[in-house]
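Heads up, the thing below is written out as structure tokens.
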Amino acid sequence: MASLTIRKLDDAVKTYLRLRSAGNGRSVEEEVRVILGDLIQGHAEFPAPSPAAASPPAEAPARPAARALVHGLAHGLATGQAGVTLIIGGGIAAFKSLELIRRLKERHIDVRCVLTKAAQQFVTPLSASALAHERVYTDLFDPESEFDAGHIRLARDCDLIVVAPATADLMAKMAHGHADDLASAILLATNRPILLAPAMNPLMWNNAATRRNVLQLRRDGVIMIGPNAGEMAEANEAGVGRMAEAVEIAAAAVDILRPPQPRPLLGKRVLITAGPTHEPIDPVRYIANRSSGKQGFAIAAAARAAGADVTLVSGPVELRDPAGVTVIRVESARDMLHRVEAALPADIAIFAAAVADWRVANEGEQKLKKTSSGMPPLQLVENPDILATISKLTDKRPPLVIGFAAETEHLIENAKAKIARKGCDWIVANDVSPATGVMGGDRNTVHLLQREAEEINVDSIQVESWPVMTKEQVATELVARIAKSLGKNS
Ligand SMILES: Cc1cc2nc3c(=O)[nH]c(=O)nc-3n(C[C@H](O)[C@H](O)[C@H](O)COP(=O)(O)O)c2cc1C
């Protein structure tokens, strides 16, 4: 959504707007909306201020100035950026809000900062304005911005208000409806969502008064992120009270700003595997592969975003749990199979894990030692085949079972044979030769193989080759195909 700073328009345009809006009994912002609306609906000319308005003074702008205004507005609308009013409270965590400005801006969000009097003890308006590329607001009675009730504009000419850090004092004022400075007046006058990032000493956070205020604010519909647990700025103090990190607050803001997404998998249970498995040789060594788990985690996040109830069974990987997904961490192929079976029933199962085909039969109970007789003989036995086991279930088989085929040669041919051999419905085939950089990388080039018929006939398997995409894009596309196929079959 666009935001427009009336204050930045030239003086002639501001005078025109002020007179016209006063004459029509509207705020300047509303007047601008009316002008734009008229223009878009084809009333090309600018009507003069209503007769009720005072006569325009000699310096009232001529039409070109008003046209400039409309061009400015049109540009603002075209940029389509979301806007956040960021209120920085007077806490030690205020320095993290400077980073938050950057995190919001790199997500293409316009940021207008308001610093309380106490906040200015911790960070300077200059730092905030340099990072936001905008003037910073500090004073309720600022004649320059209050000529058109600037606090109301800051309260409403944005898509979201973020308070970070939200101090105990600021939250108390909000909970009790105070409006004796710019920040509290904005918070009282807004009709936009409010996101608070509380930050304070754990004793302040746990104080009965703060608990009451937090409860009240939550009841009033205020959204909160954090505080997190950890070390305090005060020496030797730890507990709940640290402000959420800037990236967490920015992600929460993006979530609130994002228009509601279609949720085609709402009510569906999706089971996904990801990552490698580790097959123990002895208590300290294992056989593994280079899978990073990124593709499976991306699919889990995409399925969750589409509204599904997602369980992700993952081998050992260095990835954070996707939000809202139940993540079960396992080590070996046998653990993975047990946890997959326990997670059934599911509507859709997607097996993206690179499960080791073999494990060591004679796993050492103690660490194997070098001996003079040479290398210890490692005997390999086949691991359970998770994809085939689940595809061939008679009672709890998910209606749609999707496997992954990682091949280094004869990709399509091998993937078709895999559908037939394992009995799954679809295969996502990808070339994992080292030159492709797929294993561990961020991009993937995949082919989607689908069998439409109940009977598996290799010749009737449809093959669709997708262009090179990020793993997130592959995940989104796959989820879209799943949603489409469910729609077709329901
Ligand atoms: C060094 C110092 C650090 C402070 N840190 C915090 C804090 O992290 N959280 C908090 O709620 N208050 C903190 N305070 C107290 C607030 O600054 C004080 O309550 C102030 O009135 C809050 O102003 P505000 O409502 O503009 O945020 C701190 C005070 C000082 C002197």
Restricting the range 234-246 to residues that are more than 22 Å from residue 160 (Cβ to Cβ) and either part of a loop (DSSP other than H, G, I, E, B) or of a type in the set (A, V, I, L, M) (or both), the residue that is nearest to the ligand (Cβ to nearest atom): 234
Given the criteria at pLDDT below 95, surrounded by 12 or more Cβ atoms within 10 Å (Cβ to Cβ) and not in a helix (DSSP H, G or I), does residue 254 qualify? no
Scan (1) crowded, with 18+ Cβ neighbours inside 10 Å; (2) modelled with pLDDT under 95; (3) part of a strand (DSSP E or B) for the single condition residue 292 breaks and write down its number. (3)
Test set (1) in a strand (DSSP E or B); (2) out of contact with any strand residue (DSSP E or B) (no Cβ under 7 Å at 6 or more places or on another chain) - residue 404 fails condition number: (2)
In the range 18-37, which residues are of a type in the set (D, E, K, R) and at pLDDT 70 or above? 18, 20, 29, 30, 31, 33
Can you go through 182, 126 and tell me which one is away from the ligand (no atom under 16 Å from the Cβ) and over 28 Å from the mean Cα position of the chain (by Cα)? 126
Taking the range 103-123 and the residues there that are away from the ligand (no atom under 16 Å from the Cβ) and part of a loop (DSSP other than H, G, I, E, B), the one that is nearest to the chain's Cα centre (by Cα) would be 107
Condition (residue is in contact with a Gly (Cβ under 7 Å, 6 or more places away or on another chain), in a loop (DSSP other than H, G, I, E, B) and at pLDDT 90 or above) applied to the range 374-382: is it met by at least one residue? no
For the range 411-469, give me every one of the strands (runs of 3 or more DSSP E) that falls completely inside it and has 3 or more residues that are surrounded by 20 or more Cβ atoms within 10 Å (Cβ to Cβ). 426-431
Any residue in the range 201-209 that is within 14 Å of the ligand (Cβ to nearest atom), closer than 28 Å to residue 82 by Cβ and aliphatic (A, V, I, L, M)? no
What is the number of the single condition among (1) surrounded by fewer than 18 Cβ atoms within 10 Å (Cβ to Cβ); (2) of a type in the set (A, V, I, L, M); (3) touching a residue at least 12 places away in the same chain (Cβ under 8 Å) that residue 186 does not meet? (1)
Go through the range 211-233 and report how many residues are of a type in the set (D, E, K, R), free of Cβ contacts under 8 Å to residues at least 24 places away in the same chain and within 16 Å of the ligand (Cβ to nearest atom). 2
One residue from 149, 155, 128, 119 being within 13 Å of residue 86 (Cα to Cα) and modelled with pLDDT under 95: 155
Identify, from the list 325, 247, 240, the residue that is at pLDDT below 95, of a type in the set (Val, Ile, Thr), assigned by TED's automatic domain parsing to the domain that holds residue 430 and within 30 Å of residue 199 (Cβ to Cβ). 325
If you check residue 189 against the conditions, is it among the aliphatic types (A, V, I, L, M), more than 25 Å from the chain's Cα centre (by Cα) and more than 15 Å from the ligand (Cβ to nearest atom)? yes
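The values are calculated or read from the model by the stated rules, or taken from the named source; none is laboratory data. As the structure is a prediction and not an experimental result, all values here were calculated from the model. Virtual Cβ from ideal backbone geometry, glycine too; neighbours counted across all protein chains shown.
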